[in-house]
Amino acid sequence: MNKSYTILISLIVALGGFLLGFDSAVISGAVKGITIYFNMTDGMLGFAVGCVIFGAMAGNLIAGPCADKYGRKHTLLVVAALFSISALWSALATSYIEFIIARMIGGIGIGAAILIAPIYIAEIAPPKLRGSLVSFNQLNIVIGISAAYFSNYYFINYGDDSWRWMLGVESIPAVIYFLALFTVPRSPRWLIYKLNDIKIARRTLARVGGDAYADATLNEIQRGLDKKETKGQLSDLLKSKYATIMIIALGIAFFQQITGINAIFYYAPTIFEQAGGSADSSFLQAIVVGLTNLVFTIVAIQLIDKLGRKPLLLIGTAFMTIALIMATTAFNNASYHINENTLSNISNAEIKTTLTKFKDQSFNSQSELFTAIKTKLKPEEFLEFKRNEITNLISINATLVLIAILLYVAAFAISLGPVMWTLVSEIFPSKIKGIAISVVGFFNSLVSFSVTQIFPWELSNLGPTLTFGIYAALSLLAFIFVKKYVIETKGKTLEEVEELLIRS
């Protein structure tokens with residue numbers, strides 16, 4: 001087996017994951033800059049951050065059919081081009097609408113990359129390495145997230161246009177990805193199913209695993225062809241024989257996002273500022289979050305083919321629940337104090353004058369504070385207070401918040417992060433894989449968009465206590481779902497997984 005060649009191919013294809021992660025997290029550093037430059041409300045900000053996922057939903061819908069028709073490799077080449085265009089355009093945007101369009105173009109790339117890269121790797125990798133190699137995509141996603149946090153911290157002092165540098169630098173790895181993709185072969189399974197090109201497919205398989213592996217894999221693929229099934233349609237997903245597969249796929253796709261991971265990644269500096277941190281310290285803590293995600297994704301890659309998919313999901317969702325309960329407790333025990341020291345940190349003169357009327361008063365919750373001062377401030381002043389000034393009044397166990405967030409990210413990184421995409425790339429039969437992957441990816445992006453769209457509103461109106469409490473409850477539901485519905489797929493060929501699930 002030519003393990004090094006297989007790893008190299010997988011790493012190149014998984015560079016799409018790096019761009020996906022970078023594109024997803026880089027916006028966290030640009031939030032304050034774009035809010036000021038485009039004069040955004042909470043709703044406009046939520047859409048500016050979340051619109052990339054809105055674009056991803058379009059990418060999800062077209063990625064599967066395009067990959068089936070034109071091939072995995074050619075689809076990924078288009079993805080790389082979209083990332084390049086999005087990065088440069090969003091950095092140069094001069095209007096809110098222009099910025100949204102540019103971000104959505106990158107979203108289309110995200111929606112395609114997150115689906116097609118795992119499919120390609122799963123189709124070319126030997127069964128014993130498949131879990132680890134597919135997880136390379138998730139590894140590159142978290143490397144991209146970490147790189148974005150480092151990049152944001154580097155550009156933070158570039159003045160009012162720092163957000164443009166943060167967004168534009170992504171074009172460099174996007175061009176590298178585009179060029180590197182020309183060195184990878186086309187998927188052997190796609191070559192056989194679509195073009196009936198057994199000769200080139202066998203050559204690639206032999207280079208991956210040797211002649212014996214190539215012959216055995218071709219026989220497995222031929223078994224699937226002998227079923228003489230017609231091309232999968234959207235209506236096929238509703239057939240009872242695929243019920244178990246769809247329950248697992250849609251359930252995992254739902255819980256991966258509804259438990260709040262993208263809210264954490266997109267708004268990490270904002271969350272730490274809510275816990276009373278300065279802008280610089282919040283960006284540094286975001287870097288620690290990214291590094292934690294990276295380290296534990298590597299742990300997941302080491303364990304996924306040894307321990308299995310389901311055990312990792314159970315361990316991860318259990319600790320995610322614990323971590324979110326910790327964060328809920330920390331914010332629930334926070335208090336807000338208006339005194340001479342805290343007032344001295346208020347930069348807005350009008351807000352400071354109003355708050356002086358409440359001097360030497362303390363509030364036991366964010367909602368209590370808001371109730372007291374909301375009617376005393378103008379709407380634009382109250383918005384400014386919620387966004388930038390409230391952190392000057394909070395008294396909270398910031399260490400507990402940091403530990404909770406790091407534990408949550410670590411738990412996600414060994415479970416729902418990499419395992420979801422590994423499972424989805426494994427469980428769908430070849431007949432319906434393209435259309436099914438698109439539907440599940442679209443659903444996953446829809447949930448993610450909903451979470452990121454309402455998160456700023458949740459922090460401002462529900463407060464961090466209730467927000468994290470909701471995510472804790474959803475993480476517990478994820479644990480219950482995994483325990484009841486998810487099956488183990490480690491060590492099985494794709495054809496064996498198909499037979500197991502459809503028989504079930």
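Bear in mind these aren't lab numbers, they're just calculated from the coordinates by the rules spelled out. These figures come from a predicted structure and were not determined experimentally. No Cβ is skipped: glycine too gets one built from the backbone with ideal geometry, and neighbour counts run over all protein chains shown.
Tabulated data
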| quantity | calculated |
| --- | --- |
| Total charge dipole magnitude, the stretch 336-395, about the Cα centre, Cβ charges on Lys, Arg, Asp, Glu only, Debye to nearest 20 | 120 debye |
| Footprinting exposure proxy for Asp360, Asp215, Asp68, Asp23 (fewest neighbouring C-beta atoms within 10 Å first) | Asp360, Asp215, Asp68, Asp23 |
| Residues Tyr242, Tyr149, Tyr158 arranged by fewest to most Cβ contacts within 10 Å | Tyr158, Tyr242, Tyr149 |
| Proximal aspartates and glutamates to Lys306, defined as alpha-carbon separation beneath 14 angstrom and excluding residues fewer than eight positions away on the same chain | Glu488 |
| Gyration tensor over alpha-carbon atoms, the stretch 288-339, equivalent ellipsoid semi-axes in Å | 33, 14, 4 |
| Alpha carbon convex hull of the stretch 279-418, volume per residue in cubic angstrom | 115 Å³ |
| For the chain: relative contact order, % (alpha-carbon pairs under 8 angstrom, 6 or more apart) | 26 percent |
| Coordinate range along principal axes, alpha carbons of the stretch 444-504, Å, largest first | 49, 22, 18 |
| Karplus (6.51, -1.76, 1.60) ³J(HN,Hα), θ = phi - 60°, over the stretch 98-107, in Hz, Gly and Pro reported as x | 4, 4, 4, 4, 4, 5, 5, 4, x, x |
| Charge dipole (the stretch 336-395, unit charges on Cβ, about Cα centre) - positive-most of Ile351, Leu377, Ser365 | Leu377 |
| At R0 = 41 Å, FRET efficiency that the Cβ-Cβ distance of Glu98 and Ala243 yields, to 0.05 | 0.40 |
| Cross-link pairs beyond the 18 Å C-alpha cut-off, checked among Lys310/Lys483; Lys3/Lys431; Lys352/Lys386; Lys239/Lys431 | Lys3/Lys431 |
| Karplus (6.51, -1.76, 1.60) ³J(HN,Hα), θ = phi - 60°, over the stretch 147-159, in Hz, Gly and Pro reported as x | 4, 5, 5, 4, 4, 4, 5, 5, 8, 4, 9, 8, x |
| Bins of 10 Å, starting at 0 and running to the largest distance - Cα pair percent for the stretch 1-120 | 14, 43, 27, 13, 3, 1 |
| Using θ = phi - 60° and Karplus 6.51 cos²θ - 1.76 cosθ + 1.60, couplings along the stretch 124-133 (whole Hz; Gly, Pro as x) | 9, 7, x, x, 5, 10, 4, x, 5, 6 |
| Charged-residue dipole, Cβ positions (Lys, Arg, Asp, Glu), the chain about Cα centre, Debye nearest 20 | 1640 debye |
| Among Ser475, Ala30, Gln453 the positive-end extreme of the charge dipole of the chain (Cβ point charges) | Ser475 |
| Nitroxide proxy distance, nm - points 7 Å out along Cα→Cβ at Phe182 and Asn341 | 6.2 nm |
| Positive-end extreme of charge dipole, the chain - chosen from Leu92, Ser4, Ala56 (charges on Cβ) | Ser4 |
| Proxy reagent accessibility, fewest Cβ within 10 Å first, across Lys374, Lys32 | Lys374, Lys32 |
| For the stretch 336-395, the Rg and Dmax computed from alpha carbons only, in angstrom | 10.0, 25 |
| Calculated Rg and Dmax of the chain using C-alpha coordinates, Å | 23.7, 81 |
